[in-house]
Amino acid sequence: MNTLPQSPSPMTRRGHIVAIGVLGLPLIGGHVAQFAIGLTDTVMLGWYGVEALAAVTLASTYFFVLFLFGAGFGFAVMPMVAAAAGAGEDRQIRRCTRMGLWLSLAYGVVVMPLLLFAHPILDMMGQEPVIAEMAASYLRVAGWGIFPALLVMVLKSYLAALERTQIVLWVTLGAAVMNALVNYVLIFGNFGAPELGVRGAAIASFSTQVVSFVAIIIYALKVLPEHELLKNFKRPDWEMLREVFRLGIPIGLTTLSEVSLFAASAMMMGWLGTVALAAHGIAVSLAGLTFMVHLGLSNAATIRAGNAYGRRDRSHMARGGKVVTVMSLVMSVFATVFFVTMPETLMSVFMDGSDPQKPEILAIGVGLMAMAALFQLVDGVQAIALGLLRGVQDTTIPMVIGVFSYWGVGISSSYVLGFVLGYGGIGVWGGLVLGLACASVLLMLRFWGSVIGKVGDVEEPLG
């Protein structure tokens, strides 16, 4: 196996910061815009009513658990395309992107029944009947969006790995604006449209996903015709399909285990009542918004580590890894200050000022925001570590670490702290902190110990 040699012309820290910023800022903006689609649903349905907000919090969590597992194939395409680009292998770029699209479509077919018939599943999870029915109604429409959403994930990864991040940003921004406008019309019945409430939000989300896919595939085909992504699309490439599957399944399971930690926390908050679930929905939305910064930096880390991996340039990867980790930590500090100093102001954006339940929601939510401030640090670190490891196509051990940390430590701690020890919502969120902290430590040890090695020693890279 080849080693990762020292770079003949080391890039300075400033150079790494600039390069990560140029690549990462559009990715961060794209993630923020993507998150804004769900955030818009949360804000507008919060204005519409507490029950509607609780239902969409539940439905969105359910949808994204399924979506993000399937998105593992899209995430797998990113380091594979980056490594192929670094090695100058254009044919590999086309092959892995096509098979990522294949696997995403197949996964959508498999999970679609779980979205169409979600009601009994939500009932079995102990949710309030009215909330479960509203959430199921949302999923019967929005669930169809899993097909375009998964395909968009593959194409975004393909384009981002080729450092064409501006288009990812602009398509996602356009989608966010469209979603907000359609929400405004259909949720509240503005401009003569019927007032559809939760169902209107579902129609808006599905429409937005379809338009995003159409826009991004047209761009990819016109700007990068040399890759011929759709030519002979029906022709299988079993060798590459197995490779994308091999990388994508562990990535999907890692993401699923992390998202399941948050999904389980939403279910547990639902056991505490509609008000607690609504407060949780607002707090997790705000925490999720700041996490988009870390996710964008993580994607940049994957692309740059993947490119260095393709060139076998180990020292460049190490310096870049240090810089992107520090950048994430700095952003965590800023987010923590806002969460601790102005929680009520931030939460009030999501609620109708005249809602009689607002004081109750704020009382619970302020405590949750303090806990969110605690896990900002560890959440960002584990995201960066995962990004770096994916860049070198190391996905199996990180999956084991993720399952242990998020499920073994996080979910069990949330239940024990929240219900056995009686700390309620604060205890549930305490489990989130412990799970993410465990993951951040173990994943960073994996990257710096097994990939980079000790004190500059040249070691075998992970295959």
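Checked against (1) more than 19 Å from Phe75 (Cβ to Cβ); (2) acidic (Asp, Glu); (3) surrounded by 11 or more Cβ atoms within 10 Å (Cβ to Cβ), Glu243 meets all criteria but (1).
Consider Thr336 carefully, then state whether it is under 21 Å from the mean Cα position of the chain (by Cα) and more than 22 Å from Asp41 (Cβ to Cβ).
Yes: the conditions hold for Thr336.
In the stretch 207-221, the residues that are assigned to a helix (DSSP H, G or I) form Cβ pairs under 7 Å with partners that are surrounded by fewer than 20 Cβ atoms within 10 Å (Cβ to Cβ) and among the β-branched types (Val, Ile, Thr), at six or more places apart or across chains, as follows: Tyr219/Ile167. Of everything in the stretch 102-135 that's of a type outside the set (A, V, I, L, M) and within 23 Å of the chain's Cα centre (by Cα), which residue is farthest from Ala55 (Cα to Cα)? So the residue we want is Trp102. The condition of being surrounded by 16 or more Cβ atoms within 10 Å (Cβ to Cβ) and over 19 Å from the mean Cα position of the chain (by Cα) holds for Ala204. Going through (1) open to solvent by 20 Å² or more (accessible area, probe 1.4 Å); (2) touching a Gly at 6+ places or on another chain (Cβ under 8 Å) one by one, Val284 falls short only on (2).
Of the numbered criteria (1) over 24 Å from the mean Cα position of the chain (by Cα); (2) at pLDDT 85 or above; (3) more than 30 Å from Phe245 (Cβ to Cβ), the one Tyr138 fails is (1). Screening Gly425 with (1) crowded, with 17+ Cβ neighbours inside 10 Å; (2) modelled with pLDDT of 90 or more gives one miss only, at (2). Scanning the stretch 358-405 for residues that are over 26 Å from Ala279 (Cα atoms) and touching a helix residue (DSSP H, G or I) at 6+ places or on another chain (Cβ under 7 Å) yields a count of 19.
A single member of Val56, Val65 is out of contact with any Gly (no Cβ under 9 Å at 6 or more places or on another chain) and under 30 Å from Ile131 (Cβ atoms), and it is Val65. Pairs linking a residue in the stretch 251-265 that is at negative phi to a residue that is among the charged types (D, E, K, R), with Cβ atoms under 7 Å and 6 or more positions apart or on different chains, are Ile251/Arg390. For Asn179, the test of being out of contact with any Leu (no Cβ under 7 Å at 6 or more places or on another chain), under 29 Å from Tyr48 (Cβ atoms), among the polar types (S, T, N, Q) and surrounded by fewer than 19 Cβ atoms within 10 Å (Cβ to Cβ) is failed. Among the residues of the stretch 213-240, which ones are at pLDDT 90 or above and open to solvent by less than 40 Å² (accessible area, probe 1.4 Å)? Selection gives Ile216, Ile217, Ala220, Met240.
Taken together, the residues in the stretch 356-395 that are surrounded by fewer than 24 Cβ atoms within 10 Å (Cβ to Cβ), touching a Pro at 6+ places or on another chain (Cβ under 9 Å) and under 20 Å from Glu51 (Cβ atoms) amount to 1.
For first residues located in the stretch 178-194 and free of Cβ contacts under 8 Å to residues at least 12 places away in the same chain, partners that are β-branched (Val, Ile, Thr) and in a helix (DSSP H, G or I) and lie 6+ apart or on another chain with Cβ distances below 8 Å form the pairs Phe191/Val185; Ala193/Val185.
The values are calculated or read from the model by the stated rules, or taken from the named source; none is laboratory data. No experiment lies behind these values; they were computed from the predicted model shown. Methodologically, a virtual Cβ is constructed for each residue, glycine included, from the backbone with ideal geometry; neighbour enumeration extends over all protein chains shown. For accessibility, only protein heavy atoms count, side chains too; no ligands or nucleic acids. Shrake-Rupley method; radii C 1.70, N 1.55, O 1.52, S 1.80 Å.
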